[in-house]
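Have a look at the structure below before the remarks.
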Amino acid sequence: MNDKPPGGKIDIRSSEELLAYALAMEIEAVDRFTDLADQMEIHNNQEVADLFRKLAEIEGKHVENVNQASQGKQLPTLLAWEFDWASGESPEGGSLEDAHYLMQPWHAIELAMQGERHAVAFFRHVADTSSDKPVVQMALELVAEEEEHVALLETWQQRFPRPDDGWDDDPDPPAIL
Amino acid sequence: MNRNTACPHIEPRGYKSGVKPVWCPGCGDFGVLGSITKALSGLQIRPESTAIISGIGCSSRMPTYLSTYGFHGVHGRALSLATGLKVARPDLTVIATGGDGDGFSIGGNHFLHTCRRNTNMTYIVLDNQVYGMTKGQASPTTEPNWEKGKLTPSGTGINPFQPLVVGLASGANFIARCSSSDSNGTARTIMEAIRHPGFSMVQVLSPCVTFRPEQREWKKLVQPAPVEATSDAAQAARRLLTDKGLFTGILFRGSRPPYQPELKSSIENIAELEEEFCL
């Protein structure tokens, strides 16, 4: 699985800007997990599809939370590429290229956990670098939230054994002619 | 390009059709699909004012997954269909999508003349250097020493086709290369390509994780081109011939006027048109 460096903007100057980043991150995560659920469903990997669907649902609640926190505030409108993520991509989204049709629940949770850890790193970076006190306060709250998500996923992952090497061996692989 | 700011804002997901893609999980084409939706959302082009035209192949399934108008056409003929549509309906935003086999092998001749004609449209080539849909044969852009294809167990031994160099030489007015692993960067480039007048060509390195799993490494190898886009074709050619195919970004912005013949019809009514086809 890919382990991208965490995304991080050098200087977020207002809580509105931070909320815009948080919202984009959560929306991207919903879309990503929905895409992954669809992919697994198409490839008859229903157990993992259900797991990704659940993750998308949870991320949807995070979107609601950020929207609630944004009430009464005017968030800046940024296009996808205008967010200054360190890796160019939203840190919580996880990489579509890490998916495999034979992946197991353990992999799905690992992929989600990487995203949450990157989100923790992003908000911690904001808290460490911003000179604006309300931004620092909000970033620390978001760090705490994301750490809760990591802890929850760690609990989930304990329910599934780590797959042995060769988990992606397919006895009936796509033929190369 | 038809930007309508009076209508409600459309988020990227608003450009998806809801049909679930059948691509292999891990395929780079998912990232490109996301990039196209982000680019269309960035421009706020209405889905009903946009047409995605394709030929045949994995990446040519793109129109199915978008809520725009679409035409999943004949192998290698995406650019011919797209040209005809754009000339007849210049008000539409026309985007052709397809793969390296569709575009540069059976569609190679159409590619040359589309560049030469310079119609105002965008061509997105999802290049994975293999025929994926037919299960892993060497394509025009495959390296000569790729030995995994059973039809070419000793490699093709043939120089790979250089799409951007050929596109430039043939008259493409905008040339860029992207990586599917950089979905946001690709979205931005596609948006620029759509905005640029004339024929814009965007090559996206999009791994085939099933038949070319080694292409997963591309995301570590690609890097932004260390130079700004040039409008000097000779300079662009020198850069493209020496960049090993892994530099990304906008590489050439030309200024040739797009091809758009005057539209005039001598047909007064449908019955008159039908008469021409009477047996």
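The values are calculated or read from the model by the stated rules, or taken from the named source; none is laboratory data. None of the values given here were measured: they were computed from a predicted structure. Please note: Cβ atoms are built from the backbone with ideal geometry, for glycine as well, and neighbour counts cover all protein chains shown.
Got a number for residues in region B:16-37 being closer than 13 Å to B:Ala187 by Cβ and surrounded by fewer than 23 Cβ atoms within 10 Å (Cβ to Cβ)?
The number of residues fulfilling the criteria is 0.
Could you tell me which residue of region A:68-105 is nearest to A:His43 (Cα to Cα), considering only residues that are within 7 Å of chain B (Cβ to nearest Cβ) and part of a loop (DSSP other than H, G, I, E, B)?
Result: A:Tyr101.
Within the set of pairs 6+ apart or on separate chains, which have a first residue in region B:103-122 that is at positive phi, a second that is of a type in the set (Lys, Arg) and in a helix (DSSP H, G or I), and C-beta atoms under 8 Å apart?
Within 8 Å, no pair qualifies.
With the condition kept exactly as written, say whether any residue in region A:123-135 is closer than 22 Å to A:Glu110 by Cβ and of a type in the set (Ser, Thr, Tyr).
There is no residue in region A:123-135 that is closer than 22 Å to A:Glu110 by Cβ and of a type in the set (Ser, Thr, Tyr).
Does region A:113-132 contain any residue that is surrounded by 21 or more Cβ atoms within 10 Å (Cβ to Cβ), among the aliphatic types (A, V, I, L, M), touching a helix residue (DSSP H, G or I) at 6+ places or on another chain (Cβ under 9 Å) and within 14 Å of chain B (Cβ to nearest Cβ)?
No, there is no match, as no residue in region A:113-132 is surrounded by 21 or more Cβ atoms within 10 Å (Cβ to Cβ), among the aliphatic types (A, V, I, L, M), touching a helix residue (DSSP H, G or I) at 6+ places or on another chain (Cβ under 9 Å) and within 14 Å of chain B (Cβ to nearest Cβ).
Tell me which helices (runs of 4 or more DSSP H) are completely within region B:181-276 and hold 1 or more residues being among the aromatic types (Phe, Trp, Tyr) and in contact with a Pro (Cβ under 8 Å, 6 or more places away or on another chain), or say none if there are none.
Values: elements: B:183-195, B:218-221, B:233-242, B:270-275.
Of the helices (runs of 4 or more DSSP H) lying wholly inside region B:181-276, those with at least 1 residues that are among the aromatic types (Phe, Trp, Tyr) and in contact with a Pro (Cβ under 8 Å, 6 or more places away or on another chain) span B:218-221.
Say whether the condition of being over 29 Å from B:Val222 (Cβ atoms), buried (at least 22 other Cβ atoms within 10 Å of the Cβ) and either among the polar types (S, T, N, Q) or in contact with a Leu (Cβ under 6 Å, 6 or more places away or on another chain) (or both) is met by at least one residue in region B:40-61.
yes
Which condition breaks for B:Phe104 when tested against (1) touching a strand residue (DSSP E or B) at 6+ places or on another chain (Cβ under 7 Å); (2) over 17 Å from B:Gly84 (Cα atoms)?
Status for B:Phe104: all satisfied but (1).
How do the pairs read when you match residues in region A:27-40 that are more than 9 Å from chain B (Cβ to nearest Cβ) with residues anywhere that are surrounded by 24 or more Cβ atoms within 10 Å (Cβ to Cβ) and among the hydroxyl-bearing types (Ser, Thr, Tyr), using Cβ under 6 Å and keeping only pairs 6 or more apart or on different chains?
A:Glu28/A:Ser90
Condition check: loosely packed, with under 15 Cβ neighbours inside 10 Å and at pLDDT below 95. Does A:Arg32 satisfy that?
In short, no.
Would a scan of region B:151-161 turn up a residue that is within 14 Å of chain A (Cβ to nearest Cβ), assigned to a loop (DSSP other than H, G, I, E, B), over 13 Å from the mean Cα position of the chain (by Cα) and within 22 Å of B:Asp243 (Cα to Cα)?
Within region B:151-161 (the criterion being within 14 Å of chain A (Cβ to nearest Cβ), assigned to a loop (DSSP other than H, G, I, E, B), over 13 Å from the mean Cα position of the chain (by Cα) and within 22 Å of B:Asp243 (Cα to Cα)), the answer is no, since none of the residues qualifies.
Has region A:51-59 got any residue that is in contact (Cβ under 8 Å) with a residue 60 or more places away in the chain, within 13 Å of chain B (Cβ to nearest Cβ) and crowded, with 19+ Cβ neighbours inside 10 Å?
So far as region A:51-59 goes, no, none of its residues is in contact (Cβ under 8 Å) with a residue 60 or more places away in the chain, within 13 Å of chain B (Cβ to nearest Cβ) and crowded, with 19+ Cβ neighbours inside 10 Å.
Look through region B:230-262, keep the residues that are at pLDDT 95 or above, of a type in the set (Gly, Ala, Ser) and more than 11 Å from B:Asn173 (Cα to Cα), and return whichever of them is surrounded by the most Cβ atoms within 10 Å (Cβ to Cβ).
The selected residue is B:Ala236.
Looking at (1) in contact (Cβ under 8 Å) with a residue 40 or more places away in the chain; (2) on the phi < 0 side of the Ramachandran plot; (3) among the polar types (S, T, N, Q), which is the one condition that is false for B:Ser154?
(1)
Taking region B:69-104 on its own, how many of its residues are of a type in the set (Asp, Glu) and not in a helix (DSSP H, G or I)? Please lay out each step first, then the result.
From region B:69-104, those of a type in the set (Asp, Glu) are B:91, B:100, B:102; that's our starting set.
Within this subset, residues satisfying the condition of being not in a helix (DSSP H, G or I) are B:91.
Summing the residues that are of a type in the set (Asp, Glu) and not in a helix (DSSP H, G or I) in region B:69-104 gives 1.
Is it the case that some residue within region B:12-23 is within 10 Å of another protein chain (Cβ to nearest Cβ) and either assigned to a helix (DSSP H, G or I) or within 25 Å of B:Pro258 (Cα to Cα) (or both)?
Yes, because at least one residue in region B:12-23 is within 10 Å of another protein chain (Cβ to nearest Cβ) and either assigned to a helix (DSSP H, G or I) or within 25 Å of B:Pro258 (Cα to Cα) (or both).
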